[in-house]
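Okay, structure first, notes after.
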Amino acid sequence: MLGAAFGQSLPPAPGEHVVTISPPDRRGNEPSIAVDPNNPNRVVAVFQPARVAYSSDGAQTFTLAELPAVPGWREGGDVSTTFDNKGHAFLCSLHFDKLGSASYWAHGAGRNGIFVRRSIDGGKTWEKDAATLKAFQGNEPEIQWEDMPRIFADNQPKSPFAGNLYAGWIEWQLDKSIILFARSTDEGKTFSAPIRISTHAGLPRDDNGGLVGFLGVVGADGVIYAIWNDGNTITFTESRDGGKTFAPSRAIVEVGPPYFGGAGGIPGVARVMGFPQVSVDGRGHLYVAWSDYRNGDVDVFLASSTDHGRSWGKPVRVNDDPLHNGSDQFFQWMAVDPVTGSVYVQFYDRRGDPANRKTRVTLARSVDGGRTFANYDWSDAAFEGQQVFLGDYTWLTVFNNRVYGVWTEAVAPTAGADAGQQRRAATVVRVGVADFGSGR
């Protein structure tokens, strides 16, 4: 049992397979992963700084793709990826010349923009032309800072908007933060002018009180559901016309305060966020997952709605270790199987280390609509970071009992030929696969 040496009693995830996809000489973090709904053997994983790895064998092996640069821009970050209903893959990324003031990105902001690129062969090759969602050249009098974009697609067979692509992100302004949204109806060639979908504005700094962590999902009828973190709440909105307009956003779940940095940080990790994810099953039941430290140590939670988001049940604790044991579970990501309706959550897990430092990856599964979860070990080794930057997120996707997760791990740098030279990056990106098709 993989977890036994680490002091865990978790069973291994069935059919688990873990592979490193980042090159040995480059630091990697902030990954995203997507599976082609028309051919689940095709999987694309992306990571910062705008690198792409593709698989044609169900994520057993990966090959790095040649990704053309967005003309005139440096390598990108804050990446996300999706497949549309035609099997085309898309990469959304943020590009910039320089940051603004520390955590106050609109103050002294330089040239920045968000772009989308497309692959029609499962991520192997990528088109040179990029669609612009929003960009500033750096000399505008009202320059803003665009941040943390997330792209997703309407792949619902009965949706009147099937094939649409959607993206949402944060815009940092000098006096506030807002959530913007754009849509494409031409397979990602162009996107609509961004619209504001956050009724309440957040504070203008990338800190407690700013709007952060946009994520969207599409129901079977084509309704878009979107969430983000706003202070001590998860905020929710929906669109019933293919992203042309949205309902006023509103708080749906009270959560603990964002816990990156400061006294609330995770030991050994430079920055951690517990912002939420949203997903929906074929019945229209909605789920949101997040993590916070309401129990002292950080735990992972899930709440569900059976009435399309009008009301939400009480939070369920996803990690099943003893309460108040001092072990942190963090950087969760949640997805619902579009075929079976099972709910999956992955997260970093320190339950096996009394010192709360050594970290593994756990996969949790619910087959009863998010009421209870079974936890599985999804790691081949523990890692420990020394104030390492793991990024701001991991990612998870699932299709027909096969689960695909991607995350960042800290590694000990190895010295090169010259004293002090490091030849290996301090972080690597890993993809894990699990298969619940045997009926477990």
Response to the item:
Expected single match for within 26 Å of A34 (Cα to Cα) and surrounded by 15 or more Cβ atoms within 10 Å (Cβ to Cβ) among D297, D337 is D337
Worksheet, complete the sentence: In region 241-259, residues that are surrounded by 17 or more Cβ atoms within 10 Å (Cβ to Cβ) and closer than 27 Å to G163 by Cβ total 4
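Results for (1) among the aromatic types (F, W, Y); (2) closer than 23 Å to T190 by Cβ, shown as yes or no for each residue.
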| position | (1), (2) |
| --- | --- |
| A45 | no, no |
| S56 | no, no |
| G76 | no, yes |
| T82 | no, yes |
| G87 | no, yes |
| L94 | no, yes |
| G100 | no, no |
| G110 | no, no |
| F115 | yes, yes |
Response to the item:
Within region 218-238, restricting to residues that are part of a strand (DSSP E or B) and surrounded by fewer than 22 Cβ atoms within 10 Å (Cβ to Cβ), the one that is modelled with the highest pLDDT is E238
Discussion item. Out of everything in region 137-163 that is surrounded by fewer than 24 Cβ atoms within 10 Å (Cβ to Cβ) and touching a Lys or Arg at 6+ places or on another chain (Cβ under 6 Å), what residue ends up being farthest from S119 (Cα to Cα)?
Written reply: G138
Item to complete: Can you confirm whether region 172-182 contains a residue that is under 17 Å from L133 (Cβ atoms) and either of a type in the set (F, W, Y) or modelled with pLDDT under 95 (or both)?
Response: yes
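For (1) touching a Phe, Trp or Tyr at 6+ places or on another chain (Cβ under 9 Å); (2) crowded, with 17+ Cβ neighbours inside 10 Å; (3) free of Cβ contacts under 8 Å to residues at least 40 places away in the same chain, each residue gets a yes or a no:
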site: L302; (1), (2), (3): yes, yes, no
site: K314; (1), (2), (3): no, no, yes
site: W333; (1), (2), (3): yes, yes, no
site: N356; (1), (2), (3): no, yes, no
site: T372; (1), (2), (3): no, no, no
site: D377; (1), (2), (3): yes, yes, no
site: N401; (1), (2), (3): yes, yes, no
site: G405; (1), (2), (3): yes, yes, no
Worksheet item: Just wondering, is there one or more residues in region 7-17 that are closer than 26 Å to R357 by Cα and free of Cβ contacts under 8 Å to residues at least 12 places away in the same chain?
Response: yes
Discussion item. For region 147-173, give me the residue count where each residue is charged (D, E, K, R) and under 17 Å from the mean Cα position of the chain (by Cα).
Written reply: 2
Item to complete: Determine the pairs where a residue that is hydroxyl-bearing (S, T, Y) and at pLDDT 95 or above, located within region 268-288, has a partner that is surrounded by 22 or more Cβ atoms within 10 Å (Cβ to Cβ) and not in a strand (DSSP E or B) with Cβ atoms under 6 Å apart, the partner being 6 or more residues away or on another chain.
Response: Y287/G370
Item to complete: Determine, yes or no, whether N39 is surrounded by fewer than 17 Cβ atoms within 10 Å (Cβ to Cβ) and touching a residue at least 40 places away in the same chain (Cβ under 8 Å).
Response: yes
Fill in: Qualifying position, being acidic (D, E) and either more than 22 Å from P49 (Cα to Cα) or free of Cβ contacts under 8 Å to residues at least 60 places away in the same chain (or both), among D78, D154
D154
Item to complete: Filter region 153-211 down to residues that are among the acidic types (D, E) and part of a strand (DSSP E or B), then give me how many there are.
Response: 1
Discussion item. If I go through region 73-101 residue by residue, how many of them are under 19 Å from F136 (Cα atoms) and more than 20 Å from the chain's Cα centre (by Cα)?
Written reply: 8
Discussion item. Can you pull out every residue in region 379-399 that is among the polar types (S, T, N, Q), crowded, with 20+ Cβ neighbours inside 10 Å and more than 15 Å from the chain's Cα centre (by Cα)?
Written reply: S379
Fill in: Check on K176, over 19 Å from the mean Cα position of the chain (by Cα), buried (at least 16 other Cβ atoms within 10 Å of the Cβ) and basic (K, R)
yes
Response to the item:
Scanning region 289-304 for residues that are under 18 Å from the mean Cα position of the chain (by Cα) and of a type in the set (D, E) gives D292, D299
Worksheet entry | The listed residue being under 29 Å from R351 (Cα atoms), at pLDDT 95 or above, buried (at least 24 other Cβ atoms within 10 Å of the Cβ) and of a type outside the set (D, E), out of A53, A13 | A13
Response to the item:
Residues of region 25-36 being surrounded by fewer than 17 Cβ atoms within 10 Å (Cβ to Cβ) and farther than 14 Å from A53 by Cα, in sequence order, are D25
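The values are calculated or read from the model by the stated rules, or taken from the named source; none is laboratory data. From a predicted model like this one, the values you see are computed outputs, not experimental measurements. Ideal geometry is used to build each Cβ from the backbone, glycine not excepted, and the neighbour counts take in all protein chains shown.
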